[in-house]
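What follows is a short report on a single structure.
Nothing in this text is a laboratory measurement; each read-out follows from the coordinates by a stated rule. Not measured: the values here are computed from a predicted model. Here Cβ is always computed from backbone atoms with ideal geometry, including for glycine, and neighbour counts include all displayed protein chains.
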Amino acid sequence: MTVVSENRSVTDTEEEILRLYRAHLSKGRATLAELFGSHMEVESSGAWLTTSDGERFLNAGGYGVFIMGARHPTVVEAVERQLRTHPTATRILLEPTVARAAEALVSVTPPGLDRVHFALSGAEAVETGLKLARAGGRKRTVSMSGGYHGKTLGALSATAKEVYQKPFRPLVPDFTHLPFGDADALRQELAAHPGEVCVIIEPVQGEGGVILPPKGYLRRVEELVREYDGFLILDEVQSGFGRLGEWWGADIDGIVPDVLLAGKALGGGVLPVSAAVATREAFRPFDKDPYVHTATFSGQPLLMAAVQGAIQAMSEGRLVTRALELGGRLLPRITEIARRNIPDLLVEVRGRGLLIGVELIEAGLAGELLIELFNHGVVANHSMNGSAVVRFTPPAILTDRDVDHLLDSFDKATRALISGSATLPGRR
């Protein structure tokens, strides 16, 4: 199908774009696109995206970016206003949008977190947190098996996944990976190196396959870190900003880390923004020297306008509460459909708020379910550290009709999955 846009001087076809992917981007990405019919997304609005041939899909994917949907008018208006006046700053003079964005962000984070470093990607926020820990004397880092923190060198050292780490070894030294949920193993590690350990952990392991911690575990982690003079980084790049039905996973357990990491949805689904939000004490090394950790586009005014617009949209639309309510409707219905339609292929359905995972008995089935969902008008995601898990991260602006579409599509997709299972290799 040919697409002609007033913003493009050339005519795009799926075939031409596939050729350009193979020539200049990634052959693997091109192959993946072909599995989904080589559709080309060209427009998005709210909970829906449109392809070049005019098909519409409910976006329950996006890796957690679209908590307020695509092109939320409050965010778009803030960005457009900034674009017309001052999109990029010199970083020498005072600039108001970054100050106001920091003020807005700390107004919705746990008390005591009142210093902010803005970045673009979640991995950059992770690097910021790790550097703060090391500058504060914690030269050892503990992360959790199944955790995902990004793929830059420091973040990758914390991401305990062999397939991602192996090509790039040796990684940053003195990283240890412990079982998620095992407070005793963490106590032993902290006790062996008092005053030296940084712990980085997710409230819910999103890329791990939507793995929820045991009740009371995160609070126990905080207690142990304090007992042994450690440093706690809570990676909320995916779980935060309303995704779990609270502003942050930290709020659910009533904890305050040394550094809280935000990203993905922080830019309102319009621009890429992340942040490390720290206590005054944790941030002290950056307060001493404004050049010890910098980035050219950190706090760029256009991005900061998006942050302010996103926080305003979340607050005015009561989208945090809405995420909790929608999750309360979706999780039991998805569970009921899965248990009815694919009982022999299902391991578990689990989730919190609008972060929901469906674990199947093998990774290949998860891939097939993603394709079947797409065939029935829904975009979802796989989980990079939990390859047998299909993950739903829908926006908190779903209407009743959107919810019905998502559930109906899941029903049809799971029935299609079981009906075709006998003809596929490796099945029982």
Worksheet item: How high is the FRET efficiency from Leu83 to Phe297, r the C-beta distance, R0 25 Å, rounded to 0.05?
Response: 0.95
Discussion item. Explain nothing, just the number: dipole magnitude of the chain about its Cα centre with +1 on each Lys and Arg Cβ and -1 on each Asp and Glu Cβ, in debye rounded to the nearest 20.
Written reply: 460 debye
Worksheet item: Where q = 0.13, 0.15, 0.27, 0.31 Å⁻¹, what log10 of I(q)/I(0) comes from the Debye formula for the range 295-342, counting one point per Cα?
Response: -0.55, -0.61, -0.91, -1.00
Worksheet item: Where is the GNM fluctuation largest for the chain (alpha-carbon springs, 10 angstrom cutoff): Ala33, Ala250, Ala78?
Response: Ala33
Worksheet entry | Cα principal axis extents for the range 73-316, largest first, Å | 55, 36, 36
Worksheet item: What does the highest-first list of 85-92, 146-153, 279-286 look like by mean Cβ count within 10 Å?
Response: 146-153, 279-286, 85-92
Practice prompt. Let me know the charge dipole size of the range 73-316 about its Cα centre in debye, to the nearest 20, where only the beta-carbon of Lys, Arg (+1) and Asp, Glu (-1) is charged.
Written response: 540 debye
Discussion item. With viscosity set to 0.692 mPa s at 37 °C, what whole-number translational diffusion coefficient in µm²/s follows for the range 16-88 from Stokes-Einstein and a Kirkwood radius over Cα pairs?
Written reply: 227 µm²/s
Worksheet item: What does the charge count near Val204 come to, summing +1 for each Lys or Arg and -1 for each Asp or Glu among other residues with Cβ under 12 Å from its Cβ?
Response: -2
Worksheet item: Near Phe241, within a Cβ-to-Cβ distance under 12 Å, what is the net charge of the other residues, with Lys and Arg +1 and Asp and Glu -1?
Response: -1
Worksheet item: When the chain is treated as a GNM, springs tying every alpha-carbon pair under 10 Å, which of Met40, Met304, Met384 comes out with the largest mean-square fluctuation?
Response: Met40
Practice prompt. Would you mind putting 213-219, 60-66, 121-127 in packing order, based on average other-beta-carbon counts within 10 Å, highest first?
Written response: 121-127, 60-66, 213-219
Discussion item. Can you tally the net charge around Leu58? Count Lys and Arg as +1, Asp and Glu as -1, for every other residue whose Cβ sits under 12 Å from the Cβ of Leu58.
Written reply: -2
Worksheet entry | Above-threshold pairs, the threshold being 18 Å between Cα atoms, out of Lys131/Lys151; Lys151/Lys264; Lys27/Lys161 | Lys27/Lys161
Practice prompt. Determine the shape class of the chain: with a ≥ b ≥ c the square roots of the Cα gyration tensor eigenvalues, call it rounded for a/c under 1.5, and otherwise prolate if a/b is greater than b/c, oblate otherwise.
Written response: oblate
Worksheet, complete the sentence: Between the modelled labels at Arg333 and Lys139 (7 Å from Cα along Cα→Cβ) the distance in nm is 5.5 nm
